[in-house]
Every structure is written in structure tokens, then in C-alpha cells.
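The values are calculated or read from the model by the stated rules, or taken from the named source; none is laboratory data. It should be emphasised that the depicted structure is a prediction, and the values quoted were computed from it without experimental measurement. Cβ placement follows ideal geometry from the backbone for every residue including glycine, while neighbour counts extend to all protein chains displayed. All accessible areas refer to the heavy atoms of the entire protein, side chains included, with ligands and DNA or RNA removed. Shrake-Rupley method; radii C 1.70, N 1.55, O 1.52, S 1.80 Å.
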Amino acid sequence: MTDEEIVDVIIVGAGISGLYAAYRIRQIAPELKILVLEAKDRVGGRTLTADLKTSHDGNETDRFDLGGQWVTDTQENITTLLEELQLETYMQYHTGKSISELHRRVQKYGLPVPFVSLLSFLETIYSVFRLESLVSNVPPWNPMMTRNADYLDQHTLADLMKPWIRNSATPLLTAAVRTVFGCEPEQVNALFALTYAQAGGGFMRLSLTDPGCAQEKKIKGGSQQVSQLLVERIGKEQVRLETPVQKIVQNDDGLYDFNFV
Ligand SMILES: Cc1cc2nc3c(=O)[nH]c(=O)nc-3n(C[C@H](O)[C@H](O)[C@H](O)COP(=O)(O)OP(=O)(O)OC[C@H]3O[C@@H](n4cnc5c(N)ncnc54)[C@H](O)[C@@H]3O)c2cc1C
């Protein structure tokens, strides 16, 4: 885009959200000129599918998703999009025993949760029950309407759970939080976590592989294809990589100026 060039729509970020927005705008109003600006040298954002070596000699490789990867039929928007893009899914393999590392102890287990002491188990069940009950009170369309929203918004998930547990349940819950949010309970805002869980049908559904749960299915060939195929539908020339947006200014005439490198 030169200094003089004007486009109708600029979208910042070529992750699934930005590219899907561009794709939908193109469907609804094909006459509009759209530009997607992406800071990185690739599309996909927090989805990344990489070819990794699977043999010691390095001759064999396979495709692995390193970011977002699971879908389920209750996630209707992504399910519809996968159909539109003709991407197939397969069931997450979960037959047999699972493996966990808690308290630096590795164990194999056949139950839904690893073997822990009775106290840990009871504290975990109690904490999950308390969390699910808070989740059910969050209106996902307006989380600030939640009871005690200000308190929740000023605290972390770790703060929220602290009064319910005496440390013995912490490793199990921490492992669950790491799996769902990719960070520590101390790093995630309590209101965000509850809202996220509400949108996903509750904490249990977010962490299981059962039908309708968040880790039920994977995308054949990897999840980054969603973004790559969206780029094909939008048009490659509409997506500019290695273009970090640094500043957005709205002029008096209502137009927006985008400053990027
Ligand atoms: C390890 C991991 C596992 C996950 N597992 C799952 C899962 O199994 N199922 C699931 O549904 N979700 C999962 N998620 C979450 C899912 O990946 C994200 O919710 C989703 O990819 C977010 O898409 P997005 O387009 O909203 O944001 P992003 O993917 O973050 O895209 C934002 C894009 O904007 C770009 N950008 C940011 N600032 C600028 C700027 N100033 N200028 C230009 N570009 C900019 C970024 O580089 C990025 O490419 C997982 C996430 C992670 C990290």
C-alpha cells in the first residue's frame, strides 16, 4: 500500500479470526477492497503445523500441530468452516492408558484422572465443582454482568482457587490449567478463565476428549491449513506478511491511518 492508496477494510493479524473476518467480508461485499496486515512471516497466528523428524536418522517426518489443534462438533462455527474448506477431521486417539507427571512423578493410569491421595482427589472434585458453579453464572455475551465481576476481574485463577485447597490438589489443577490455557493459574485472569470455560461448556468439557468435549477431534494435515486455505479464498495479494502495525489514528474525516513498518 502506498501513501496515496485507500482501502475499504484493514484487518490487523492473519490468525484464524482476522482471515475469517476477511473471508466473510469478501463473501458479503465482494466489491470492498480488503487488506490483512500480519506482523509475522507466516499466517496462522497461534496455529502452527510443522514437519518434525520421526526417525533417528531424520529420514522420516510427520506433520505436528504445535498450537491450537482440537475441535469438536459443538463448536459450530469452526465445524462449518472446516466443511466449507473441505478439511477432514479424525478422532483424537485416547484408547488405553494415559501418562502424567505430577510432583515430578511419572505415572500411567487408566482412569479419567491420575491416581492421587484421597485428600487431593476430594479437594480437586470440590474445586472443580466450585469452578463449574461459578462458570454457570457467567453470561458469555456480557461477562461484566457476572456476580462479583470486578473482584474476579482483579484476581487470578490461582487467587480464586486458593481458599478451596490446601496445596494437595494444586498439581492436578495446575496441570489442567496448563493444558487448557497454556499458562500457570497465577497468570490467567479469573473472569477471563470463567468466561472462556462458559463459552466452551465448562472446565471439564474443555479438558476431555469425550464426544462434544474440546479435545475430541483433530484436523487431517494440521490446523494451520485453515488459515492457509482462507488466504487462497481471500486472495494472496490481500494479505501482507512481515507488516507489523504500529499505530492506528482516526482522522477528523472519519478515516483511519495505519502506520506499519
Ligand atoms: C499451545 C496452544 C494450544 C491451543 N489449543 C487449542 C485447541 O486445541 N483448540 C482451540 O480451539 N484453541 C486452541 N488454542 C487457542 C487457539 O489457537 C487460538 O484461540 C486461536 O488460534 C486464536 O486465533 P486469533 O486469530 O484470534 O489470534 P492469533 O492466532 O493470536 O492471531 C493474531 C495474529 O495477529 C498478529 N498480530 C498481532 N499484533 C499485530 C500487529 N500489531 N500488526 C500485525 N499483526 C499483528 C499476530 O502475529 C497473529 O498472527 C491453543 C492455543 C495455544 C497457544
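Points worth noting:
- Some residue of region 106-125 being under 20 Å from Arg205 (Cα atoms), in the same structural domain as Phe203 (by TED's automatic domain parsing), touching a residue at least 60 places away in the same chain (Cβ under 8 Å) and hydrophobic (A, V, I, L, M, F, W, C): no
- Filter result for Thr47 (assigned by TED's automatic domain parsing to the domain that holds Arg240, among the hydroxyl-bearing types (Ser, Thr, Tyr) and within 12 Å of the ligand (Cβ to nearest atom)): yes
- Annotation note: of Glu83, Glu60, Glu101, the sole residue that is in the same structural domain as Thr170 (by TED's automatic domain parsing), away from the ligand (no atom under 16 Å from the Cβ) and open to solvent by 90 Å² or more (accessible area, probe 1.4 Å) is Glu101.
- Within region 192-242, if we keep just the residues that are under 21 Å from Leu172 (Cα atoms), hydrophobic (A, V, I, L, M, F, W, C) and more than 10 Å from the ligand (Cβ to nearest atom), the residue that is modelled with the lowest pLDDT turns out to be Leu208.
- Qualifying residue in region 4-12 (condition: modelled with pLDDT of 95 or more, within 21 Å of Gly222 (Cβ to Cβ) and away from the ligand (no atom under 11 Å from the Cβ)): no
- Any helices (runs of 4 or more DSSP H) falling wholly within region 157-205 and containing at least 2 residues that are assigned by TED's automatic domain parsing to the domain that holds Ser117 and touching a strand residue (DSSP E or B) at 6+ places or on another chain (Cβ under 8 Å): 170-181
- Residue satisfying condition, being hydroxyl-bearing (Ser, Thr, Tyr), surrounded by 11 or more Cβ atoms within 10 Å (Cβ to Cβ) and farther than 21 Å from Val180 by Cα, within set Thr124, Thr146: Thr146
- Verdict on Thr74 being modelled with pLDDT of 90 or more and either surrounded by 14 or more Cβ atoms within 10 Å (Cβ to Cβ) or more than 16 Å from the ligand (Cβ to nearest atom) (or both): no
- Unmet criterion (only one of (1) among the hydroxyl-bearing types (Ser, Thr, Tyr); (2) under 21 Å from the mean Cα position of the chain (by Cα); (3) over 24 Å from Thr49 (Cα atoms)) for Ser133: (2)
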